[in-house]
Amino acid sequence: MARTYKPRKNARKKTKTNTRRTSFNLLGASFFIFSFGLLLWLFWVQWIGVATGQTGKMVNTALFDIFGHSSYLLPLFLLYGLIRFFQKKQFGYFTLFLGTLITISALSLECSFLNSIFTASSISGGIVGAWIFGAISSVIGKAGGFILGIALMLLGSYILFEIKWLDAFTHFIEFVKRDYHSWMDARMELKTKIEEAEKKDRDKDFSKLKWYKDPAEEPQEKAKPKIMRPVAETLFQPKVEQKSPVKPINKEEGDDLKSFDKDNFQLPSLDLLSEPQNGGVLGPTDEEIEQATANLERTLKSFNIKASVTGVSPGPVVTRYEIKPDPGVKISTIVAISNDIALAMKARGIRVEAPIPGKDAIGFEIPNERPLMVSIREILQDPVFKNSHAKLPVALGRHADGLPATTSIESMPHCLIAGATNSGKSICIHTLIMSILYTAKPDEVKFLLIDPKRLELTFYEDIPHLYDPKTSCEEVSVVTNPRGAVKSLQMLVKEMERRYHIFEAAKVKNIDGYNRWAEKNNEEKCFYVVVIIDELADLILQVKSTVEDSIQRLAQMARAVGIHLILSTQRPSVNVITGVIKANLPSRIALQVPSKTDSRVILDMPGGESLLGKGDMLFLGISDQKPHRVQGAYVSEEEITKVADFLRAQGKPDYPEVETPELGGAGTIQAGGTITAQRPEDGLGTSSEELIQALTLVSQRKRVSQDLLKAHFGSSARATNILSILEMKGFISKPEGSNRWTINFEQVEYELEELKQKVASVTSTPAG
C-alpha cells in the first residue's frame, strides 16, 4: 500500500510569508511611484505654473494665499521627507509634518515682518504669516516677532535635517580663532623682519670694519654650577688630645664590682673609636662633577626641557645636583624622566626631591662611583655635635650635602626605625646608644634594652646605664624573653604613673622642671629612660595584645616624665606598625625597603625603595614636612666592645628601687617619691586588691577567661597579667589537650580569706 505524504505546516507558512513579502514590495513600489509623481506635479505647479490646468492653478493659488512665498519650499520639504521615509530611517509622518509646519510657518512670519517694514514690497507671508505676526507683535513687538521667527526656523531645520547648530557655532568660533592667530603670527613675523632689516641698516657701516664684532653674535660663557663642599675645618678635625682613659677598678677574680661613683665618673674617650678613613675628600672630584653636569644638561636638552644645573652638593654616598628650570617648565615634566636620567648617568637609582625646601630648584641625588664610609668618631668630634645643648644628643651621620646630621632624643620624642634585612637598622641603633653614652652619665640616663633576637644588644650587658624596672639593679640585664619584656613595659607604665604623681605634688610640668625643683629642695633627681626594642615584629608576634597596650600608653604620655621609645623592625607592615603606634611615633627613620608600600607605611610617602642600603636612610623629624637624606654613621663591634668595657670598669648598674603602687590605691605619693600606706602586692606587679577582685569574680561566676577579666578591669593587658598570676599560683590550670580552664575552688576560697585579712590589717595600721 502506497504511503500518502501530507505537506508540512512549515512549508505552508513559508509560502504565505513569501507571498506577503512580494505583495508588500509591490505595494511600496507603487506608493513610491505615485508619491514621487505627485511631488513632481506639485513642483511643476509651484515653480513653473504654465499649462497646469484649472486644478494646478487652484492649488497654487491656495498654497500661496495660505503660506505666501514660503509655499515654494513645500515640495522640496515633502520630497526630502519621502526620501528619508523610504530609506527606512526613523523618520515618521509626524516628524515630517511637524518639521515642515514649523519651518514653513517661521518663513511666513519672516515674510510678513519684511512686508510690514517695506509696505510697498510684494513680499507676502500669506494668511498664516499675517495671523502669527499680528498675534506676536501685539505681545512682544516686531523685534520680538523677528527673533522668534529665527528661533522657529532653527528648530524646524533641526527637526527636519538634524542640523546641530551648537556644534556648527563651535566650529565657526574655532575657525575664527585659528584665522586670528594665523593673522597675528604673520603680523609678528613681518614685524620681526622689519626690525631685523632696520638693525642691519643701522649697523651697516660698523659691520664692514674688521675689528668690529656684534655682541649678540659673540658666544657667551655659561656660568658654572657652584660646588658646595663642607668646610674642611668642620669636616675632618685633627686629632685632639684626650684625657687618658680611666683605669679599670682593681678587683680580684670573682669579686663583686661596686656601684659607679657619679662624682668621679668619666665619659668615654674618642680614642676608643677608630680614626676616619675618608681621606679628606668628600664625594667626586671637580672634574667628575663638571662631566656629570654636562651629561645631565645634555640629557635634559634631548627631551626639550630648558633647565640648567645651578649647584652641586657632594656627599659621602650621593651627590645632589640642583636643577633650576626655566619659566614655564613644569616640575612633573622633569620628574617624569628620572629613569632616563639614571640611564644617561649610569646610576643605580636616582631620588628626586622636587622642589628642594627653601630653594627654587629640583634636587637629583645621584649615587657616587666611590661611596665613602661615615664613622661615628668624625660626627662626635664635630663642633655641630659638641656645641649641642641637648640633654640626649644623637649623631645620625651626614646629610646628602655632606654636613653633619644630628638630632636629640628629647626632640623626637619617640622614634620608629624600619628597613629591610642588612639595611643598617642595628648599626643605627648602636649609633644612637653610643651617642648618648658619650654625652650622658648613668645617673642622667638609663637604657631599657629589649632584644628578642639575643644578638645585637647583648654588648651592653652590665654597663652602669642599664635599667629594668621589674628587677633590682643587682639582677638587671638586657631583656631577651618576650614575657619578660611585657612585664618590664608594664612596670615602666607604673613608673610613669608614679612620676606623674610626684610631678603633680611638686607642681611641675616635665622632667626638667622637676629636676630643677629637686635640686632646690635636696631631693633625688629623675633620670631619663630610653627604651630600645630591637625587633618589634617578633615581640608583637608573640605577645601582641599585652605589649601593644603598654607601648601605646608610653608613647602617648611618657614624654613629659623623661621616658622615650625607640622601636625597630625589619617588617614594616600594618600588622606590626599599627595606626595607634604610628600616630604616637612622630619621628621616623626609613632605611632601604623593597617596595613603595613599605615606604608609605613608615614615612607616609614613597622614597625608601630608592635608597642604596648600608646605612642610607631617610630621616623624618617631628617638625619636618619632607624627609632628609642621611648616610648613617658606622660603628664597629670592636668599638662597641671597647666603650662597653670602659663603662663596665667604672661600676655596675645602680638605681633606686621604687615600689610602684596602683593608681587610686590607699597609698599616696609625696613630692620626692615618698610612699605612704602602700597596698600589699604579690611581687608580680598586681595588687592584693586586684587579686581579691579576680578571685571573688571567679568564685561567683564559677568560670574564668580573659574576656571576663577584661570586662571587669577594663584593660586587656591587666586581664592577661592577672590570668597569668592565677595560673602561676595554681588557682587555675589547663589540662593537656583542652582549651578550658580548670578551677581549684578550695585553694581559691582559702587564698581569698588570707588576702582579705592582710588588706584589713594594712588598712587598720596608721601611716608612719
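General observations
- Put simply, of K525, K509, K494 the only residue that is farther than 27 Å from I640 by Cβ, touching an Asp or Glu at 6+ places or on another chain (Cβ under 8 Å), at pLDDT 85 or above and not in a helix (DSSP H, G or I) is K525.
- Subset of the stretch 615-669 [at pLDDT below 85, surrounded by 18 or more Cβ atoms within 10 Å (Cβ to Cβ) and β-branched (V, I, T)]: T660, I669
- Residue in the stretch 434-448 that is of a type in the set (S, T, N, Q) and surrounded by 23 or more Cβ atoms within 10 Å (Cβ to Cβ) present: yes
- Some residue of the stretch 529-546 being of a type in the set (A, V, I, L, M, F, W, C), modelled with pLDDT under 85 and in contact with a Pro (Cβ under 8 Å, 6 or more places away or on another chain): yes
- Test for V561: is it under 23 Å from C428 (Cα atoms) and in a loop (DSSP other than H, G, I, E, B): no
- Flag: K470 matches the condition of being more than 35 Å from the chain's Cα centre (by Cα), at pLDDT below 90 and in a loop (DSSP other than H, G, I, E, B).
- Filter result for Q291 (surrounded by fewer than 18 Cβ atoms within 10 Å (Cβ to Cβ) and under 18 Å from I350 (Cα atoms)): yes
- Flag for L455 being at pLDDT 90 or above, at negative phi, assigned by TED's automatic domain parsing to the domain that holds N510 and aliphatic (A, V, I, L, M): no
- Taken as a whole, the structure leaves C428 outside the set of residues that are touching a strand residue (DSSP E or B) at 6+ places or on another chain (Cβ under 8 Å), hydrophobic (A, V, I, L, M, F, W, C) and at pLDDT below 90.
- Scanning the stretch 571-607 for residues being free of Cβ contacts under 8 Å to residues at least 60 places away in the same chain, of a type in the set (D, E, K, R) and in a helix (DSSP H, G or I) gives a total of 2.
- Number of positions in the stretch 317-329 that are surrounded by fewer than 23 Cβ atoms within 10 Å (Cβ to Cβ) and farther than 17 Å from P357 by Cα: 4
- With respect to the conditions (1) farther than 28 Å from I429 by Cβ; (2) at pLDDT 50 or above; (3) among the hydrophobic types (A, V, I, L, M, F, W, C), A677 falls short on a single one, namely (2).
- Yes/no for T310 being polar (S, T, N, Q) and in contact with an Asp or Glu (Cβ under 7 Å, 6 or more places away or on another chain): yes
- If you go through the stretch 384-439 and keep only what is free of Cβ contacts under 8 Å to residues at least 12 places away in the same chain and under 20 Å from R559 (Cα atoms), you end up with just H389.
- Checked against (1) in the same structural domain as N387 (by TED's automatic domain parsing); (2) within 27 Å of D654 (Cβ to Cβ), A420 passes all but a single condition, namely (2).
- Within the stretch 319-377, the set of residues being basic (K, R) and either touching a Leu at 6+ places or on another chain (Cβ under 8 Å) or part of a helix (DSSP H, G or I) (or both) comprises R348, R351, R377.
- Exclusive hit being farther than 19 Å from L612 by Cβ and of a type in the set (G, A, S), set A347, A342, A361, A405: A361
The values are calculated or read from the model by the stated rules, or taken from the named source; none is laboratory data. Remember, it's a predicted structure, so these values are computed and weren't measured experimentally. Don't worry about glycine lacking a Cβ; one is built from the backbone with ideal geometry, like all the others, and counts go over all protein chains shown.
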